[in-house]
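Data first, discussion second: the structure below is written as structure tokens.
The values are calculated or read from the model by the stated rules, or taken from the named source; none is laboratory data. If you're wondering where the values come from, they're calculated on a predicted model, not measured in any experiment. Here the Cβ is made from the backbone with ideal geometry for all residues, glycine too, and neighbour counts use every protein chain on show.
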Amino acid sequence: MKFSKTYEPNQYEPDIYALWEKSGAFRPKDNPDADPYTIVMPPPNANGNLHIGHGLTIALQDILIRYHRLKGDNAWYIPGADHAGFETWVVYERRLESEGKTRFDYSRDDLYNQVWNFVHEQRGNMELQIRALGASCDWESLTFTLDPKVIDTVYGTFEKLWHDGLIYRGEKLVNFCTKHQTAFADIEVTHKDEKGKLWQIAYPLVKETHGVKELIVSTTRPETLLGDTAVAVNPKDDRYNDLIGQMVKLPLTDREIPIIGDEHADMEYGTGVVKITPAHDQNDYEVGQRHNLPMITVIGYDGKMNANAGANYEGLTTEQARRKCLEVLKNQGLLRGETEIEHSVGHCYKCDTVIEPLLKEQWFINVKPLAERAIKVLKEGKIKFHPASKKQVLINYLSQLKDWNISRQIPWGIPIPAFVNTEDPTDWIFDTRVDQPEIKVKGKTYRRDNDTFDTWFSSGQWPYITTSSREAHYPTSVMETGADLLFQWVGRMIMLGLYVTNDTPFKEVYMHGMVLDEKGQKMSKSKGNVINPIEVVSKYGSDALRLGLIASRSAGVNQAFSTSKVVASRNLCNKLWNIARLIQDLVDKGKESDEVVVDNLCEDWICREINKTSKELQKLLEHYRFAEAGDLIYDLIWNKYADWFIECEKLWKDTALLKSTFEQILIMMHPFAPFVTETIWQTLSWTEGMLINQSWPIPYKYDEAMANHFDELIAIITDIRSHYQALPGAQKYPVAFHDDPLMYKNQLLIQHLTKCPCVPQINLNEIKGLRLAVQGHNIYLQIPEDIHKKYKANLEDRILKLGREIETLEARLRSPNYVQKAPKELVEETRNTLAEKQDLLGKMKAEFSYI
RNA sequence: GGGCGGUUAGCUCAGUUGGCUAGAGCGCGUCUUUGACGUAGACGAGGUCAGAGGUUCGAAUCCUCUACCGCCCACCA
């Protein structure tokens, strides 16, 4: 294979990935002397396409995994696929709808099988996309969330919770979507602030007391009046507390309901009287529990008023019922006013239907003991968070967490392994024979619960399920996922992990923010601003996407996608490619020598820079500072290696060192740009094996003084170039020096890098021309006097600038506080710098006066 | 109502424990057809680090307040 002029990612990426995969490079090495390093991939939806967020998540995880693999750890990156219960079900139900069918046309088992086939038709796509992103994951360990081992573990956990009394079945108010016909956990409900109305309605007292004839309640939902079973006042409220125990006539009905005293009634709000509808409002439900109030359900699961609402209202939607109630109340003179308010309304996160709190029998987890344990562990600092602030946010959330409803009324998911006695609805048993609608136990018939688990109940167990075949890999090293999943997923993994394994599921958590569109807007299909990562890959390459995504991005912060960053990254890959092309060329033409000898300034210097970068890179990656790490390697490759070292080596042509340094650079760059680095490795004539399997570089030996000298040379050369650019005309003038060993030894190099005509050594009495403003050197551009005069303004600027710098330093040293209190080295350094600058200024001024 | 985060160059953003001349990419200006790369090279311009106060020898960085902008949680009838 040869190096083409530009790097064409598409030409190599699929083959390179196949090479890795076939060779088994993604499998953990299981080396007994090495440390395990484990990342579990948050499983993408099995039947979905990857979005740009997956691009980021895989980039971050794969950088860590490849880095640790190079460091010699037993790196294990475990891929997954999520059956995504509700998400997938919504997609499938839409498809049924388009065929004119509904879920009620089939049995649950039928539907399950249909969706199973649907998902398996789609599934390969997602996996191909993960490959295109370069994820070096162990495909043999791929776990699908409906694999038998997952279901077994989930059932085991359910059983354990059952036996420990942490699972209960109860009729409670649940968040119900009347379109999707299923309940949700609290966290799945999207709350939106909306404009609404607050109506005041009079409830007449049955018996006038102390001159009070009626109570006025305020409500945003007049239609629920039909289900009221009390009105509440605050027991401390002197206006009303002597009415407690009296009855009011419930308008629109012939019922009489009691006035009760309860703290829930806020004296400050409205009239201080609140209607209580235990069957349709969470607060009222709790009031109802405290006061043993009857619960009257007036809204059915279809979202329409039911028979309890009375013949006038039955069959109406809540919206229609609301209008009718208001109209009748108005006619009866009981509607006493309305005010505009803004209040928060729960919506289904998929279809936006208003979530109806409805009474339903469901399985709940008593989360309190689980949450308390998680809080304890978090407070002890057992799990490190990035960003750190997320830890407290999670603790706050867990502290107020309510019991978790894990039942879902959808057929796609893990069936709940519970059966009820057909003769006795309170007799539930645990049994895993969920493929049978009915079972017989001890002569009694039990019917299967047709509900499935909340997907997060199984995902919450992901770390110990996926690592079960290699126990040393649990707890996993780091959980890298989106910041939006802190409560939904991370919190639950911690709770369930502690409960089932007595250990935290991971040692650290890294959370990335959302990738927004270029304008900083959230991406969504409806806005049409979605960026497809695979399109970016095919246009710029997988590495460019990866580098572009991690650039300038810090933990937990939402940030816009930037095409210009992807382009810059693509250019970097091309740069690396061309460095390879040049080095290969030099190697081909050079003589055989494999001994690495560091004998030029630039060589000491590049060895030092590589060592420094390697050390710093390790530190940054261990602290999850991906963007800074990316910048650092960029700077090494482009600004140091290519711009200085390679330029110098065009003269020295030390092929052994070129080979060695370039290999080190490829290794360090590999986690960030796996494809181009491996492609280069496979293309170079002398490299063996695969880059992915190499070891992190060992530091070079070099001479620090030599490296420092090269820094001086850089300053000198830069100054010369700067003058060439600023001087009138395009003429390049000789660079003369006096009493300057560095210059003496590097004449050739200076000529090569500045294109100056010559580098003469001169005597003291020959000094003339323009002194370079480089401390500790006597270097002069030999420019004619007339040019020198024309250039006067520029020189004055330089002298003034130097003067300002000196003033700053002097002011600092004038302060006795600074001299006494600042660290000694710092003060010493300031003094030295000042002296050098003063010396230089003196010389420049003296020489300037000749003009 | 509670909590979290942001405000740094024209744009998008970095800036770890306070330290000397505040960085990057893109954009901008001038120059360069040097056989690795024009997806390039060289040089350069551009910042009162939102505002006010405080701590400190020293603050973009720590503390307090203010303004504006986001996000999350919460049962406000």
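Brief remarks on what is shown
- Against the criterion of being within 14 Å of RNA strand B (Cβ to nearest atom), of a type outside the set (A, V, I, L, M), within 26 Å of A:TYR12 (Cα to Cα) and not in a loop (DSSP other than H, G, I, E, B), A:TRP644 does not qualify.
- Residue tally, condition hydroxyl-bearing (Ser, Thr, Tyr) and part of a helix (DSSP H, G or I), over region A:118-162: 4
- Selection count, region A:533-572, where residues are under 22 Å from A:PRO14 (Cβ atoms), more than 7 Å from RNA strand B (Cβ to nearest atom) and crowded, with 17+ Cβ neighbours inside 10 Å: 17
- Candidate set from region A:373-390 (those that are surrounded by fewer than 19 Cβ atoms within 10 Å (Cβ to Cβ) and touching a residue at least 12 places away in the same chain (Cβ under 8 Å)); member that is nearest to RNA strand B (Cβ to nearest atom): A:SER389
- Applying the criterion of being under 33 Å from the mean Cα position of the chain (by Cα) and more than 6 Å from RNA strand B (Cβ to nearest atom) to the residues of region A:573-591, the residue that is surrounded by the fewest Cβ atoms within 10 Å (Cβ to Cβ) is A:TRP577.
- For beta carbons closer than 6 Å, sequence separation of 6+ or different chains, a first residue in region A:54-75 that is without any contact (Cβ under 8 Å) to a residue 40 or more places away in the chain and a second that is surrounded by fewer than 23 Cβ atoms within 10 Å (Cβ to Cβ) and not in a strand (DSSP E or B), the qualifying pairs are A:ASP73/A:ALA34; A:ASP73/A:ASP35.
- Identity of the residue in region A:717-756, over 18 Å from A:LEU795 (Cβ atoms) and within 11 Å of RNA strand B (Cβ to nearest atom), that ends up surrounded by the fewest Cβ atoms within 10 Å (Cβ to Cβ): A:ALA730
- Within region A:501-530, considering residues that are part of a loop (DSSP other than H, G, I, E, B) and within 17 Å of the chain's Cα centre (by Cα), the one nearest to RNA strand B (Cβ to nearest atom): A:GLY520
Let's see how each residue does on (1) surrounded by fewer than 17 Cβ atoms within 10 Å (Cβ to Cβ); (2) among the β-branched types (Val, Ile, Thr):
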position: A:ASN639; (1), (2): yes, no
position: A:GLU649; (1), (2): no, no
position: A:THR655; (1), (2): no, yes
position: A:LEU658; (1), (2): no, no
position: A:MET668; (1), (2): no, no
position: A:ALA673; (1), (2): no, no
position: A:VAL676; (1), (2): no, yes
position: A:ILE692; (1), (2): no, yes
position: A:ALA707; (1), (2): no, no
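- A:ASN794 farther than 16 Å from A:LYS768 by Cα and touching a helix residue (DSSP H, G or I) at 6+ places or on another chain (Cβ under 9 Å): yes
- The lone exception for A:TRP638 - which of (1) part of a helix (DSSP H, G or I); (2) among the aromatic types (Phe, Trp, Tyr); (3) under 28 Å from the mean Cα position of the chain (by Cα) it fails: (3)
- Considering region A:474-500, the residues that are in a helix (DSSP H, G or I) and buried (at least 23 other Cβ atoms within 10 Å of the Cβ) include one that is nearest to RNA strand B (Cβ to nearest atom), namely A:GLY491.
- Qualifying residue in region A:323-337 (condition: without any contact (Cβ under 8 Å) to a residue 40 or more places away in the chain and either among the hydroxyl-bearing types (Ser, Thr, Tyr) or touching a Lys or Arg at 6+ places or on another chain (Cβ under 9 Å) (or both)): no
- Looking only at region A:678-690, and only at residues there that are outside any helix (DSSP H, G or I) and within 16 Å of RNA strand B (Cβ to nearest atom), the one that is surrounded by the most Cβ atoms within 10 Å (Cβ to Cβ): A:LEU684
- Single residue of region A:175-211 satisfying the filter (away from RNA strand B (no atom under 16 Å from the Cβ) and among the β-branched types (Val, Ile, Thr)) that is farthest from the chain's Cα centre (by Cα): A:THR209
- Among the residues making up region A:811-845, those that are of a type in the set (Gly, Ala, Ser) and either more than 30 Å from A:LEU781 (Cα to Cα) or near RNA strand B (Cβ under 7 Å from one of its atoms) (or both) are A:ALA811, A:SER815, A:ALA822.
- A:SER524 falls short on exactly one of the conditions (1) under 21 Å from A:THR481 (Cβ atoms); (2) touching a residue at least 12 places away in the same chain (Cβ under 8 Å), and that condition is (2).
- Among all positions in region A:413-422, there is at least one residue which is modelled with pLDDT of 95 or more and surrounded by fewer than 16 Cβ atoms within 10 Å (Cβ to Cβ).
- Residues of region A:574-606 classified as among the aromatic types (Phe, Trp, Tyr) and farther than 13 Å from A:ILE646 by Cβ, total: 1
- Screening A:ILE365 on (1) farther than 30 Å from A:THR476 by Cβ; (2) modelled with pLDDT of 90 or more; (3) more than 15 Å from RNA strand B (Cβ to nearest atom) shows it passes everything except condition (1).
- Checked against the criterion of being among the small types (Gly, Ala, Ser), more than 9 Å from RNA strand B (Cβ to nearest atom), in contact (Cβ under 8 Å) with a residue 60 or more places away in the chain and not in a helix (DSSP H, G or I), region A:592-608 contains one or more residues that satisfy it.
- Filtered residues of region A:1-16 (kept if away from RNA strand B (no atom under 13 Å from the Cβ), farther than 16 Å from A:ASN578 by Cα and of a type outside the set (Asp, Glu)): A:PRO14, A:ILE16
- Filter pass, A:GLN664 being surrounded by fewer than 18 Cβ atoms within 10 Å (Cβ to Cβ), within 35 Å of the chain's Cα centre (by Cα) and in a helix (DSSP H, G or I): no
- Residue-level check: of (1) at pLDDT below 95; (2) part of a helix (DSSP H, G or I); (3) more than 15 Å from A:LEU547 (Cα to Cα), A:GLU628 misses just (3).
- Among the residues here, A:TYR12 qualifies as under 21 Å from A:PRO671 (Cβ atoms) and crowded, with 18+ Cβ neighbours inside 10 Å.
- Tally of residues being closer than 25 Å to A:ALA656 by Cβ and in contact with a helix residue (DSSP H, G or I) (Cβ under 6 Å, 6 or more places away or on another chain) across region A:687-742: 14
- Cβ pairs under 6 Å, 6+ apart, first in region A:450-461 and without any contact (Cβ under 8 Å) to a residue 40 or more places away in the chain, second part of a helix (DSSP H, G or I) and basic (Lys, Arg): A:GLY460/A:ARG492
- Only residues that are touching a Ser or Thr at 6+ places or on another chain (Cβ under 7 Å), within 19 Å of A:GLN461 (Cβ to Cβ) and in a loop (DSSP other than H, G, I, E, B) were counted in region A:366-417, giving 7.
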